[in-house]
Amino acid sequence: MAYQDIVSTGSVYKGRTGMWLYLFHRITGVALFGYLLLHIISTALILAGPEIYEGAEAIYKNFYFRIGEVGLMAAVLAHAINGLRIIAVDLWSKGSDYQKALNISAMIVFIAIFVPTTYKMIDSYFELCLEKSSAGTTIVDCMIRPLPDWKTK
Amino acid sequence: MKSVKRTDWGRRTPPIGGTNFELYAWFFMRISGLFLVLLAAGHMFIMHVFNDTLNLDYEFVAARWDTPYWRTFDWLLLTLSILHGTNGLRIVMHDNIANKTFRQLALYGLYFTSTAFFILGTYVLVAFVREV
C-alpha cells in the first residue's frame, strides 16, 4: 500500500485539453451515477400500479425537466464519446500518436449528434404540449406552466 | 510541442505479491464502456428522440416489458451501468478522499448503495406483471 503514503506534490497533469477532458469525464460520470439511482427509484414505482407511476411521471412533464433532459443527453453523449476517445488512446496502438486529432474529432462528433437531438427534443416538446393541451394554450404557457393540462383535451 | 520517440516508459510494472484486480478493473471499464455506448445511448435515443418522454406512461413500459428481449436489454443496461458507475466512483473516492477512515466509510456506503439498487432494479424487471 505504499502508494497511499506518497505525499502529493500538486497536479500531475500537464493541463490543457487532456486535463479538462479528464475532469469533465469524472464530473459527468459522477452526475450520471447519481441520476441512475434516481431513475431506478422512479421506474421501480411501476410496481405500485399505473396511477402512482403516472403520477410520478407527471412531475417530469414540463419544460424545466425538458431542459434537464437535454442536459442529461449532453452528459450521456459527452461521457460516451470521450469514453470512446479514451479507449482509442489506451487500446489502439497508434492512439497516443493522434491525441490532438482524437480530441478534436470527439468534440466534432459530440456537436454533430447533440445539436440535432436537442432540436428534436425541444421541437417535439412544444408540438406535443400544444396538441395535448386545451385550446388557447400558447408556447409561452408550455414554457412557464409547471404542468400543462393534458387531461382537458 | 516537440515530438518524442516512443519508449518503454509507459509500460506497467506488475504489482509484487499483489493481485491483478486493478488491471482487470481498468480493462473492464473499457469493455463495459463500449457496450454502454450502445446500450445507454440506444436507450436515450429510444426514450428521448424516437419517442418523447411526454408520451411515457404505464402502457408504454408494460408493452416493452411484454417481450423478454427488452427486459434483457434493460437488465444488461442496469447491471453494466451500476458496475461501471460503482468502479468509477471507487476510483474517484480513492483519488479524492485523503483520510483513510472517511475513504473506507465512503467506499462501504458506495458498495452497499450499489448492491441495494442492483437488487431493486433486478427485482422490478423480474417481478413486474402488468395490471391492466
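Just a few scattered comments:
- Taking the conditions (1) assigned to a helix (DSSP H, G or I); (2) at pLDDT below 90; (3) under 18 Å from the mean Cα position of the chain (by Cα) in turn, A:Arg66 satisfies each one other than (2).
- Looking only at residues of segment A:13-38 that are more than 7 Å from chain B (Cβ to nearest Cβ) and aromatic (Phe, Trp, Tyr), we find that the one that is nearest to the chain's Cα centre (by Cα) is A:Tyr35.
- B:Asp95 being open to solvent by 60 Å² or more (accessible area, probe 1.4 Å), touching a residue at least 60 places away in the same chain (Cβ under 8 Å) and more than 8 Å from chain A (Cβ to nearest Cβ): no
- Flag if A:Ala78 is open to solvent by less than 20 Å² (accessible area, probe 1.4 Å) and part of a helix (DSSP H, G or I): yes
- Every pair of residues 6+ apart whose Cβ atoms lie under 8 Å, when the first sits in segment B:100-125 and is in contact (Cβ under 8 Å) with a residue 60 or more places away in the chain and more than 14 Å from B:Leu83 (Cα to Cα) while the second is assigned to a helix (DSSP H, G or I) and not charged (D, E, K, R): B:Leu125/B:Trp75; B:Leu125/B:Leu78
- When segment B:103-120 is filtered for residues that are among the small types (Gly, Ala, Ser) and closer than 13 Å to B:Leu89 by Cα, the ones remaining, listed by number, are B:Ala106, B:Gly109, B:Ser114.
- Within segment A:39-61, the set of residues being open to solvent by 40 Å² or more (accessible area, probe 1.4 Å) and either in a loop (DSSP other than H, G, I, E, B) or within 7 Å of chain B (Cβ to nearest Cβ) (or both) comprises A:Leu47, A:Glu54, A:Ile59, A:Tyr60.
The values are calculated or read from the model by the stated rules, or taken from the named source; none is laboratory data. In this text the structure is predicted, and so the values were computed from the model without any measurement. Here the Cβ is made from the backbone with ideal geometry for all residues, glycine too, and neighbour counts use every protein chain on show. The protein model used for the area step is the full one, side chains on, heavy atoms only, and it has no ligands, DNA or RNA in it. Shrake-Rupley method; radii C 1.70, N 1.55, O 1.52, S 1.80 Å.
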